[in-house]
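Just below is one structure, and these are the notes that go with it.
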Amino acid sequence: MGRQGNYTTVGITSIGYYIPEPLITSAEIAKISGVPLSTLTEKFGIEQKHIAEPGEHPVSMAEKAALSAIEKGDVNPADINIIVYCCAGCYDYQFWSPSSRLQHILKAPNAFTVDIKGACNGGILAITICNNLLKSDPTKKSALVICSDKLSPVMNYVNKDTLPFFAIGDGAAAAVLTRDEPSNELLSYEGITDGTCGDYVKVPCVGTRADEDCSTRQQGSRISVDPAKALADISPDVFLGNFIHVIRKAVLNSGYETQEISWLLTNQIKKTRVLDILAELGLDSSNTRSTMKDFGSIGPGDTIFALGLQQEDGLIKPGDLVVLASSGIGFTWGAQVIRYR
């Protein structure tokens, strides 16, 4: 049914993205890692992913995605009031602000900027932060969310314990949010964190503890997974249960039922897990879009990227109820509901 009456609304005006050209295929990953090719193509659903050139970095990819969103939305950068930058991995430099650099590059002098984390859940979190900031201050009219990651340098294909992360690629996605956007409305967000899983995955030789346990520096500069903790703390039931919880709660708080969902767009996790989530909600593969096959996962930009492709293909219709839902290391889960008019 949805909400009734007069109230301030915020919606997504435009989406841009940037995917680097170089590729690594599942066959190449299987050869390096010794993991059966069928595990990657059938269970994960990936055939290839894109990796950034050596001279490409998170902010340079973010710039291209942001400029695309700005151009598609016919937005004057001077009218942007908020820029939120998020990523799952490292910035171009430590002790440095990507969002402030992007404000300068994009010529958006009137934008307040902030950098956030949140792993693969960061993009949805950034959207809800901007939604709330725009609604709370009538002098602010538009915001820019930018997600960008270059995680290929920390991939660890020789360590099979890191298999869940073999699908992570590089890329960026951006969205312009506008007060009183006529085409759609951001409704409720729901998030949950289970901190017992906080040490499940990390890059151990980066950060203030880098010298404590880095006897093998080369391996320590890549993603590491504690398999014992993974099995103890992040069982499929916990993972899927929290995913389902945030989706149902966000939809209910928006005034709808899960059977009214038109599209559920998730971050790019294992194909079999996505199918389990859809089945639990009474949905099927016709209610989602997977970008895993050709792009792998681009981290927090996954759901924004998928929504942008849906719009380009004319698949989002007036009246559609779209849910962006994601999970991230730490572990966190989040869902954002969007109603199209």
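Bear in mind that the values in this text are calculations on the coordinates, not laboratory data. Computed from a predicted model, the values in this text were never measured in an experiment. Every residue, glycine among them, receives a Cβ derived from its backbone with ideal geometry; neighbour counts consider all protein chains shown.
A few comments on the model shown:
- With Cα atoms, 0 to 90° folded angle of helix 58-72 axis to the chain main axis: 30
- Candidate lysines for bridging to Lys43, where Cα separation is under 26 Å - those fewer than 8 sequence places away on the same chain excluded: Lys31, Lys150, Lys160, Lys202, Lys229, Lys270, Lys271, Lys293
- Ordering 315-327, 96-108 by mean Cβ neighbour count within 10 Å, with the highest value first, yields 315-327, 96-108.
- Gaussian network model of the chain, springs between alpha carbon atoms under 10 Å - residue of Val158, Val59, Val225 with greatest fluctuation: Val158
- The chain: angle of helix 302-312 to the longest principal axis, Cα-based, in degrees nearest 10: 50
- Inter-label distance, Leu23 to Tyr93: 3.6 nm, where each label sits 7 Å from its Cα along the C-beta direction.
- Dipole in debye (nearest 20) - region 243-341, about Cα centre, beta carbon charges: Lys, Arg +1; Asp, Glu -1: 140
- Relative contact order of the chain, taken over Cα pairs closer than 8 Å and 6 or more residues apart, is 25 percent.
- In degrees, nearest ten, helix 271-280 long axis to first principal axis of the chain (Cα): 40
- Distance in nm between pseudo-label sites at Phe112 and Leu309 (7 Å out along the Cβ direction from Cα): 3.5
- Label of the coordinate-derived value, Kirkwood radius over Cα pairs in Å, listed as [x] 20.2; [y] 20.7; [z] 21.9: [x]
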